[in-house]
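Let me begin by presenting the structure, written as structure tokens, before commenting on it.
The values are calculated or read from the model by the stated rules, or taken from the named source; none is laboratory data. Just so it is clear, the model here is predicted, and its values are computed rather than measured. Here the Cβ positions follow ideal geometry from the backbone for every residue, glycine too, while neighbour counts run over all protein chains shown. Just so you know, the surface numbers come from the protein's heavy atoms only, side chains and all, with ligands and any DNA or RNA stripped out. Shrake-Rupley method; radii C 1.70, N 1.55, O 1.52, S 1.80 Å.
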Amino acid sequence: MITNQSLLDLETERLILSEVTINDLEKIHQLHLIPEVDEFNTLGIPRTINDTEKILKPLIESQNKIPRVSYMWKIMTKKTNEFIGVAGFSLSNDKFRLGEIYYKLNPKYWGNGYATELAKRLVLLGFEKFNLHKVEAGVATKNEKSIRVLEKIGMTREGLRRKILPIRGEWVDNYHYAIVEDDKRDY
């Protein structure tokens, strides 16, 4: 279990990840309003900032729970200090030692390797700080960009979950990806 706040502020070569606060509400709301971000998102586009606050508030409140089961970070660029997205981690906190990662980036930053850089950092966090055995990620089967990211970081497609994601009134299939602590990786 992590109790030291400094361990939760993460960095990569080009990014800074800080746990979200209520002060990030407007930025996160604007991110979720972008149609490309919503394309594979089960949350849907929030109608109002209050809708976004209802989603964000429990995540912030969970920062005080012990043991922690979820983490959410805002992602900022080091060079320009621009908000480019959010990332998160959910933990099983049981004998299975599992965690699941997710990320959402503003499309204007897609294609720069940020998602790959970020996903690698989250995997390392899972193994090195959370002492996980396995880090997982789910991805809609048509989300080719995220599939490429997960495969680039060494995750293996372990299966298909049929019609599991409720996206805009339809049930969408999901690939299940994972990497195990002793899998070969170059980071």
- Task: Test LYS95 against the stated conditions and say whether it is closer than 16 Å to GLU26 by Cβ, free of Cβ contacts under 8 Å to residues at least 40 places away in the same chain and open to solvent by 80 Å² or more (accessible area, probe 1.4 Å).
- Result: no
- Message: Based on this model, can you work out whether ASP186 counts as open to solvent by 20 Å² or more (accessible area, probe 1.4 Å), more than 16 Å from the chain's Cα centre (by Cα) and modelled with pLDDT under 95?
- Response: yes
- Residue check, PHE89 against (1) of a type outside the set (A, V, I, L, M); (2) open to solvent by 10 Å² or more (accessible area, probe 1.4 Å); (3) closer than 21 Å to LYS145 by Cβ, all met but one. Which one? (2)
- Item | Cross-chain or 6+ apart pairs with Cβ under 8 Å, the stretch 106-122 first and more than 12 Å from THR77 (Cβ to Cβ), then hydroxyl-bearing (Ser, Thr, Tyr) and assigned to a helix (DSSP H, G or I) | ALA115/SER146
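Could you tell me whether any residue of the stretch 166-175 is among the charged types (D, E, K, R) and touching a helix residue (DSSP H, G or I) at 6+ places or on another chain (Cβ under 9 Å)? So that I can check it myself, show each step before the final result.
Filtering the stretch 166-175 for residues among the charged types (D, E, K, R) gives 168, 170, 173.
Remaining after also requiring touching a helix residue (DSSP H, G or I) at 6+ places or on another chain (Cβ under 9 Å): 168.
Scanning the stretch 166-175, I find at least one residue that is among the charged types (D, E, K, R) and touching a helix residue (DSSP H, G or I) at 6+ places or on another chain (Cβ under 9 Å), so the answer is yes.
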- Note on the structure: Here the residues within the stretch 56-86 that are among the β-branched types (Val, Ile, Thr) and either open to solvent by less than 70 Å² (accessible area, probe 1.4 Å) or at pLDDT 95 or above (or both) are ILE60, ILE75, THR77, THR80, ILE84, VAL86
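Can you confirm whether ILE60 is of a type in the set (A, V, I, L, M, F, W, C) and more than 20 Å from TYR114 (Cα to Cα)? Break it down stepwise before answering.
Details: of a type in the set (A, V, I, L, M, F, W, C): yes; more than 20 Å from TYR114 (Cα to Cα): yes.
Spelling it out, ILE60 is indeed of a type in the set (A, V, I, L, M, F, W, C) and more than 20 Å from TYR114 (Cα to Cα).
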